[in-house]
Amino acid sequence: MTIPQEIIDKLISQAQQDAPHETCGYLLGISGPNGDVVTENYWMENIDHSSDHFSFAPKDQFAALKYARSKGLKILANWHSHPVSPSRPSQEDLRLANDPTIRYAILSLHEGVHLNSFKILNGEVVDKEEHFFL
């Protein structure tokens, strides 16, 4: 999955703004012969307002899906931030990753800024991509 730097910059800005709570959203884009390309970040409020957990409001998820469809885009990834932990799925992230068709991206603000995305199947990471490291 390719994430343009301008989208990464928006994710970083949102994560820093919402810290110390986790922030979250969907990465929308297109699938092509050369892989998935993110074209938009669709931010959603973390209704848990927590530093170690996030939840989307169902109405926001439906709005995101409706928006993506109206623009001819796919939901390529579910993303969230880890303000004080590394860019890797927690046990809860693994347990809640129930859509095998998307990636799960985690932006960490812990010891630098790191953005990785993961393919998770049956609670196990089966693929990891590094997108940003500073």
Seminar exercise, completed: Checking Leu107, Leu65, Leu11 against a Gaussian network model of the chain (alpha-carbon springs below 10 Å), the top fluctuating residue turns out to be Leu65
Exercise. Most mobile of Gly25, Gly72, Gly123 per a Gaussian network model of the chain (Cα springs, under 10 Å)?
Worked result: Gly72
Exercise. Within straight cross-link reach of Lys128, meaning Cα distance under 25 Å, which lysines are found once same-chain residues fewer than 8 apart are removed?
Worked result: Lys10, Lys74, Lys119
Exercise. Of Tyr42, Tyr104, Tyr67, which has the largest mean-square fluctuation in a 10 Å C-alpha GNM of the chain?
Worked result: Tyr67
Problem set entry | Under 12 Å, Cβ to Cβ, from Gly29 - net charge with Lys/Arg +1 and Asp/Glu -1 | +1
Exercise. Taking square-rooted eigenvalues a ≥ b ≥ c of the alpha carbon gyration tensor, is the chain rounded, prolate or oblate, where a/c under 1.5 means rounded and, failing that, a/b exceeding b/c means prolate?
Worked result: rounded
Exercise. How much of the accessible area of the range 3-131, in percent, comes from carbon and sulfur atoms when a 1.4 Å probe is used?
Worked result: 50
Exercise. What net charge do the residues around Thr39 carry, taking every other residue with its C-beta under 13 Å from that of Thr39, with Lys and Arg at +1 and Asp and Glu at -1?
Worked result: 0
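The values are calculated or read from the model by the stated rules, or taken from the named source; none is laboratory data. Just so it is clear, the model here is predicted, and its values are computed rather than measured. Quick reminder, even Gly has a Cβ in these numbers, built from the backbone with ideal geometry, and neighbours come from all protein chains shown. What goes into the accessible areas is simple: the full protein's heavy atoms, side chains included, and nothing from ligands, DNA or RNA. Shrake-Rupley method; radii C 1.70, N 1.55, O 1.52, S 1.80 Å.
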